[in-house]
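**Q** Input: one structure, supplied below.
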Amino acid sequence: MDFEFSDEEKIFQENLREYFSKSLRPRLREIDEKGIPKDFILDASKIGLWSLTFSEDVGGQHASFTLASIAAEEIARADFTMATAVFFLLENSWGYVLDKYGSEELRKEVLPKVASGENFLGIASTEPSGGSDVANLKTSAKKEEGKYVINGEKAYISGVMEAKEMGGGHLTLVRTGGKGHKGISMIYVPINSEGITVSRIENMGRMGISTGIIKYDNVRIDEKFLVGEENKGFYYAMDGFNHARVLVASACIGSAEAILEEGLKYIKEREAFGVKLKDLQSIAFEAAELYTKLEMARLLVYKSAWMLDHEEKFKDEIPKFSAMAKLIAPQTAFDVIKSVMIWFGAYGYTKDALIESGMRGLMSYLVGAEGALNIMKLIISREILK
Ligand SMILES: Cc1cc2nc3c(=O)[nH]c(=O)nc-3n(C[C@H](O)[C@H](O)[C@H](O)COP(=O)(O)OP(=O)(O)OC[C@H]3O[C@@H](n4cnc5c(N)ncnc54)[C@H](O)[C@@H]3O)c2cc1C
């Protein structure tokens, strides 16, 4: 057993920390107010950030999910609003799915432009009637003369405006067969296709990346955009969620680490009743507990990433582990952020302290993004009780 990163992983982590401390952290408020800067998206593509997990022939790095987790953690340490981390994990997990299951033609048409930061790629699964029960989705795709004709609506979809502005689209789950999970296909739908209307939903957090509604009114998509085989889309999506959840969890750990570091610095300096806050045992013990919980969550997250890198060996355990990582990391991060905000006193509640942007961003992972917490519990309990 070896709990250390390899030399390659350590250098990668150091380089990213240095890069993001200059390119992201000073722009955190700008990201929260105006969006992820386009120049950052293009610049980061030069280090292969958006395509770490893709194959080399489509512009990727063919990197491990351990490296992708390191990147997610480092991004969120610098931009703890979560916006850039969301952009990163969408490209790297759903790009991975398209790379793995898509045809040669589709991979080569879509992925190089995602890798270069020219186009956006996302996932469109959730519908207004619900997101947890994926197997019952309603958006339909009927085949007519070599095209899929799509009708329906997707809701709370990340990156709708980025896809419109940058170009790109979403891996869209649609019903092509009968009821249940065996009648679902995954189709890449370019967002600028005729018949699509998009609107933005105003969220409380991670303002740097949009969330919105996509309506499909007789949208005709060439059959070459089908990912893999018809009626297998549910399985591809579950594979994608397993990967995305580990990257989400890594990002939550990163944001909490950055905020805890700020908190520890603050309690070493701030005085009350003539002593430093760190010398008040109630605060010091709370810090010790949060630090320990964060380390526990981090170990679980990296174990899950390592399992993804040994997919064949751990294929039966991966859904449970990625659900455990997604269950625990956002909750631990929330506990950390809440405590640090309270240590900061009134200052913690201000926009100047920046902590509030982390809390708002993190909440998306507590309410549901990449799967609600109860759904993580459902996956874990099914596995351990079967
Ligand atoms: C900021 C943000 C971005 C998002 N981006 C995307 C995206 O890019 N693409 C996409 O497809 N979706 C996206 N989503 C949607 C997300 O996937 C859904 O929120 C999630 O799947 C839950 O679905 P829902 O919100 O409809 O809640 P519901 O499914 O209606 O669930 C409501 C509540 O009931 C609970 N619940 C449901 N079923 C059970 C059960 N069997 N047992 C116990 N409790 C249960 C849930 O835990 C939840 O608390 C995003 C969400 C957010 C907040």
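**Q** Quick one: which of Met207, Met161 is of a type in the set (A, V, I, L, M), open to solvent by 30 Å² or more (accessible area, probe 1.4 Å), more than 11 Å from the ligand (Cβ to nearest atom) and not in a strand (DSSP E or B)?
**A** Going through Met207, Met161 in turn, the sole match is Met161.
**Q** Filter region 164-173 for residues that are more than 15 Å from the chain's Cα centre (by Cα) and either crowded, with 24+ Cβ neighbours inside 10 Å or within 8 Å of the ligand (Cβ to nearest atom) (or both) and give the result.
**A** Gly169, Thr172, Leu173 - these are the residues of region 164-173 that are more than 15 Å from the chain's Cα centre (by Cα) and either crowded, with 24+ Cβ neighbours inside 10 Å or within 8 Å of the ligand (Cβ to nearest atom) (or both).
**Q** Still on this model: Of the conditions (1) open to solvent by less than 30 Å² (accessible area, probe 1.4 Å); (2) under 21 Å from Ser158 (Cβ atoms); (3) assigned to a helix (DSSP H, G or I); (4) within 14 Å of the ligand (Cβ to nearest atom), Ala333 satisfies every one except a single condition; which number is it?
**A** Among (1) open to solvent by less than 30 Å² (accessible area, probe 1.4 Å); (2) under 21 Å from Ser158 (Cβ atoms); (3) assigned to a helix (DSSP H, G or I); (4) within 14 Å of the ligand (Cβ to nearest atom), the lone unmet condition for Ala333 is (4).
**Q** If I filter region 178-202 down to residues being part of a loop (DSSP other than H, G, I, E, B) and at pLDDT 95 or above, which single residue comes out as farthest from Ile221 (Cα to Cα)?
**A** The extreme case among them is Glu202.
**Q** With respect to Lys142, determine if the residue is open to solvent by 70 Å² or more (accessible area, probe 1.4 Å), without any contact (Cβ under 8 Å) to a residue 60 or more places away in the chain and not in a strand (DSSP E or B).
**A** So Lys142 fails the test.
**Q** Now for a separate question. Identify, by number, the condition in (1) under 19 Å from the mean Cα position of the chain (by Cα); (2) within 19 Å of Ile209 (Cα to Cα); (3) of a type in the set (D, E, K, R); (4) in a helix (DSSP H, G or I) that Lys154 doesn't meet.
**A** Checking Lys154 against (1) under 19 Å from the mean Cα position of the chain (by Cα); (2) within 19 Å of Ile209 (Cα to Cα); (3) of a type in the set (D, E, K, R); (4) in a helix (DSSP H, G or I), the one that fails is (4).
**Q** Need pairs with beta-carbon distance below 8 Å; first residue more than 16 Å from Ser255 (Cβ to Cβ) and within 6 Å of the ligand (Cβ to nearest atom) and within region 363-375, second open to solvent by 20 Å² or more (accessible area, probe 1.4 Å) and assigned to a loop (DSSP other than H, G, I, E, B); sequence gap 6+ or separate chains.
**A** Gly368/Gly131; Gly368/Ser132; Gly371/Ser132; Ala372/Gly131; Ala372/Ser132; Asn374/Ser132; Ile375/Ser132
**Q** Let me ask another. Inside region 33-64, can you point out the residues that are in a helix (DSSP H, G or I), under 23 Å from Glu18 (Cβ atoms) and open to solvent by 10 Å² or more (accessible area, probe 1.4 Å)?
**A** Lys38, Asp39, Leu42, Asp43, Ser45, Lys46
The values are calculated or read from the model by the stated rules, or taken from the named source; none is laboratory data. Please read these numbers as outputs of a predicted model, since none were measured by experiment. So basically every Cβ, Gly included, is an ideal-geometry build from the backbone, and we count neighbours across all protein chains shown. Heads up: the accessible areas ignore ligands, DNA and RNA and are worked out on the full protein's heavy atoms, side chains in. Shrake-Rupley method; radii C 1.70, N 1.55, O 1.52, S 1.80 Å.
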